[in-house]
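*Asks:* Got a structure for you, questions after.
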Amino acid sequence: MKKTYGETCLIELKVGDRVKRIGDGRVGVLKDIKLVPNTRHDVANRFGLVAILYVKMDSGSVQCATSDKFLPLVDEPYDEFYPTAHLEKIE
């Protein structure tokens, strides 16, 4: 079932979904996601892992940025995501 970000934050973003860049509100299509270390060392007030998003913008350029630079579109339908139900798939 699909839900919008306006309805719930329990959605899953997948390659091919549209997202919005925070700040200028430009829209693009999510092309890839990579989970990588944020730093080489355990630094206070830093996240240990960060998701890097590769987003093809409507202008045709590809933006590479950490996940905190993008948001789902409020009225776009996305697949629902329930973390506890996902556990059953990986056990």
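*Asks:* Is the range 7-23 home to any residue that is in contact with a Leu (Cβ under 9 Å, 6 or more places away or on another chain) and polar (S, T, N, Q)?
*Replies:* So far as the range 7-23 goes, no, none of its residues is in contact with a Leu (Cβ under 9 Å, 6 or more places away or on another chain) and polar (S, T, N, Q).
*Asks:* Evaluate the range 70-84: report whether one residue or more is out of contact with any Pro (no Cβ under 9 Å at 6 or more places or on another chain), at pLDDT below 95, closer than 21 Å to G23 by Cα and not acidic (D, E).
*Replies:* no
*Asks:* So V15 clears everything in (1) more than 13 Å from the chain's Cα centre (by Cα); (2) at pLDDT 95 or above except one condition, right? Which one?
*Replies:* That leaves (1) as the condition not met.
*Asks:* Within the range 66-77, can you find the residues that are surrounded by 14 or more Cβ atoms within 10 Å (Cβ to Cβ) and either under 17 Å from D32 (Cβ atoms) or under 9 Å from the mean Cα position of the chain (by Cα) (or both)?
*Replies:* If the condition is that a residue be surrounded by 14 or more Cβ atoms within 10 Å (Cβ to Cβ) and either under 17 Å from D32 (Cβ atoms) or under 9 Å from the mean Cα position of the chain (by Cα) (or both), then S67, K69, F70, L71, P72 are the ones that fit.
*Asks:* Conditions: (1) surrounded by 11 or more Cβ atoms within 10 Å (Cβ to Cβ); (2) at pLDDT 95 or above. V50 meets all but one. Number of the miss?
*Replies:* (2)
*Asks:* Something else about it: Within the range 1-17, count every residue that is assigned to a strand (DSSP E or B) and out of contact with any Pro (no Cβ under 8 Å at 6 or more places or on another chain).
*Replies:* 1
*Asks:* Here are the criteria: (1) touching a helix residue (DSSP H, G or I) at 6+ places or on another chain (Cβ under 8 Å); (2) β-branched (V, I, T); (3) touching a residue at least 40 places away in the same chain (Cβ under 8 Å). Tell me which single one V19 does not satisfy.
*Replies:* (1)
*Asks:* Could you list, in sequence order, the residues of the range 64-91 that are assigned to a helix (DSSP H, G or I) and of a type in the set (G, A, S)?
*Replies:* Result: S67, A85.
The values are calculated or read from the model by the stated rules, or taken from the named source; none is laboratory data. Quantities reported herein were computed from a predicted structural model and do not represent experimental measurements. Every residue, glycine as well, gets a Cβ built from its backbone with ideal geometry; the counts of neighbours run over all protein chains shown.
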